[in-house]
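Nothing in this text is a laboratory measurement; each read-out follows from the coordinates by a stated rule. Computed from a predicted model, the values in this text were never measured in an experiment. Positions of Cβ are generated from backbone atoms using ideal geometry, with glycine treated the same way; all protein chains shown enter the neighbour counts.
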Amino acid sequence: MQETVRWGVLGAAKIADKFVVPAIQRSSNGRVVCVAARDRERAAAFAARHDIAHAYASYDEVLASDQVDAIYIPLPTASHFEWCKKALLAGKHVLCEKPIAMTASQVRELIALRDSTGLVCGEAFMVAHHPQWAFVQECIARGTLGELRLVEGSFTYFNDDPDALKNDLALGGGGVRDIGVYPVVTTRMATGLEPLAIGADITIDPRYGTDKLAVCDLTFAGFDLHFYCGTQLARRQHMIFHGSKGWLSLDAPFNPGVYGDAKVHIRLDGTGKAETIEFGDVDQYQSMVENFGAAVLRPGEPLAFTLENSLGNQLVIDEVLSHANR
């Protein structure tokens, strides 16, 4: 019985270099065996840093390798759908960076292809694997906060580099696709609900045509989600869930360990109780790749974040972006 997933990586992006590939190499059930980049020297340097045996200058070489079971895709957003399809059609399992596609219709196509091939295909939402979010979900489900009435969130950073991929509209750049997905996905995960109405006020950077600020209002059954995301603001991330009996907030909801410590603060009105729960140094990327590896190695093992969940998130993002006037 196979015990290790052999990974091939398409691209040498920062997310792969700093987080996901190191997590695969540390994991209990995976190993990266090859990497490709359009610049062979870049691929070779990446391979040397991570003790990867083979470096290629062609993504197709990775897909053609009989030594590869699964593909990790950290390419620019506009390339995700194309290479997910190619990998699945080549008989490889696929884990792709978020957002996995540009539109909901593309996600639906990937779901159909996943089902027809019987392969595992998933979106790399690492937050789905962090225990702080399981804790938040449990608090809401058991009524710790009373009736949930309001959720607030933000995710921002500053990057106005004209050469940055995230500022290239043709490559799928912009703040909503890059970071706006996180307040949406975590609210959906924590509550198990989908929005009933979606509004957004989006500011476009005239230099790039990408959204640099989005202020969004989503109506759910019983509560509202208000959040903003921006690519030209000082770094911030926060999420607050406010109920009729209390509220909770997360210090570093999306990038704990990078932005700040994983802490959840709870304050309850009736008892005056206030406490902070600390989650320590959890590697959500390693948990993600191990969950994916288990689904590959043991057919029927569920993914924590399915393509159906990806579809729900993409439907929201599509609607938010429909409010942009470029």
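Tabulated values for the structure
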| item | result |
| --- | --- |
| Positive-end residue of T271, F158, F241, charge dipole of the stretch 131-281 with Cβ unit charges | T271 |
| Pairwise FRET efficiency - E301 versus E278, Cβ, R0 = 25 Å, nearest 0.05 | 0.25 |
| Total charge dipole magnitude, the stretch 145-262, about the Cα centre, Cβ charges on Lys, Arg, Asp, Glu only, Debye to nearest 20 | 200 debye |
| Potential lengthening between A112 and D51 on full extension [0.36 nm per residue; Cα-Cα distance subtracted] | 18.4 nm |
| Separation of the D217 and F158 label points, Cα + 7 Å toward Cβ, nm | 2.9 nm |
| Extended-chain gain in nm, criterion 0.36 nm per residue less alpha-carbon gap, D39 and H242 | 68.2 nm |
| Within the stretch 206-326: Cβ-based charge dipole about Cα centre, in debye rounded to nearest 20 (Lys, Arg +1; Asp, Glu -1) | 400 debye |
| Full-stretch length increase - R31, L233 - with 0.36 nm per residue and alpha-carbon distance subtracted | 69.0 nm |
| Helix-only CD estimate at 222 nm, as mean residue ellipticity for the chain, using -39500 (n - 2.57) per DSSP H run (n ≥ 4) | -9000 deg cm²/dmol |
| From phi via Karplus (6.51, -1.76, 1.60), per-residue ³J(HN,Hα) for the stretch 248-263 in Hz, x at Gly/Pro | 9, 9, 10, 6, 9, x, 10, 10, x, x, 9, 7, x, 7, 7, 9 |
| The chain, dipole about Cα centre (Lys/Arg Cβ +1, Asp/Glu Cβ -1), debye to the nearest 20 | 160 debye |
| Ascending count of other beta-carbon atoms within 10 Å, so fewest first, for K245, K14, K92, K85 | K14, K245, K85, K92 |
| Dimensions (Å) - the stretch 131-281, Cα atoms, principal axes, largest first | 52, 36, 21 |
| Spatially proximal aspartates and glutamates relative to K86 (Cα-Cα < 16 Å; intrachain offsets below 8 disregarded) | D60, E61, D66, D69, E97, E109, D115, E123 |
